[in-house]
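Below is one structure, written out as structure tokens; comments come after it.
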């Protein structure tokens, strides 16, 4: 009986079947099968079949891991999104200050004055910033100007970018007439999420820029600047970010 099974296993192997495929048909241990088949040579075509089968298995494994990663990413984002409750104007006021602190233009050196200018390529951030200008600072839309900067290798998509910003911000396209082309020594990688960099400025806003600088300093003093900066920023204990 064993000799019959061995011959059958050899025959299947010579047809190019893998060990797992043979074990499905012949119920022996893997070690026994390995012993029977160790001297069996395969033809080029059979080796190609096994190689393709291994590649397909590896691809299935990679696709499964990718799918699990995407599902996990979506789950985490959905759960964390629910942690953000309704944002009132006090929250929005502080959010806007933090945004400007990170991405806004500040007075430097001995310059006599500098207006309020905010730059970013993230349309969501620009939209939140505009909401801050309108609802917290009472800036009239007629006092706001826009400039769009586009990499020179994407200039042929200019109209697509203008339409995208106009639709996303709910602003008339004529407000994006000031287009600038950014020249780069190195060509940036193609990015499907790229729609150019938007600069948003407020006319006659030198004093507003000074006021924002004061707000930024106030935020610092009332948080990380407390106790002359000697308060530890990190300590032991539970954090909502602990996994």
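The values are calculated or read from the model by the stated rules, or taken from the named source; none is laboratory data. For clarity, every value in this text was computed on a predicted model and none was experimentally measured. Every residue, glycine as well, gets a Cβ built from its backbone with ideal geometry; the counts of neighbours run over all protein chains shown.
Determine whether region 60-78 contains at least one residue that is more than 22 Å from the chain's Cα centre (by Cα) and over 30 Å from residue 211 (Cα atoms).
Checked region 60-78: at least one residue is more than 22 Å from the chain's Cα centre (by Cα) and over 30 Å from residue 211 (Cα atoms).
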In the set 184, 170, which member is in the same structural domain as residue 99 (by TED's automatic domain parsing), free of Cβ contacts under 8 Å to residues at least 12 places away in the same chain and exposed (fewer than 15 other Cβ atoms within 10 Å of the Cβ)?
170
Out of 23, 33, 12, report the one residue that is surrounded by 12 or more Cβ atoms within 10 Å (Cβ to Cβ), in a helix (DSSP H, G or I), in contact with a helix residue (DSSP H, G or I) (Cβ under 7 Å, 6 or more places away or on another chain) and at pLDDT 80 or above.
23
Looking at this structure, is residue 204 assigned by TED's automatic domain parsing to the domain that holds residue 93, modelled with pLDDT of 90 or more, farther than 20 Å from residue 92 by Cα and exposed (fewer than 14 other Cβ atoms within 10 Å of the Cβ)?
yes
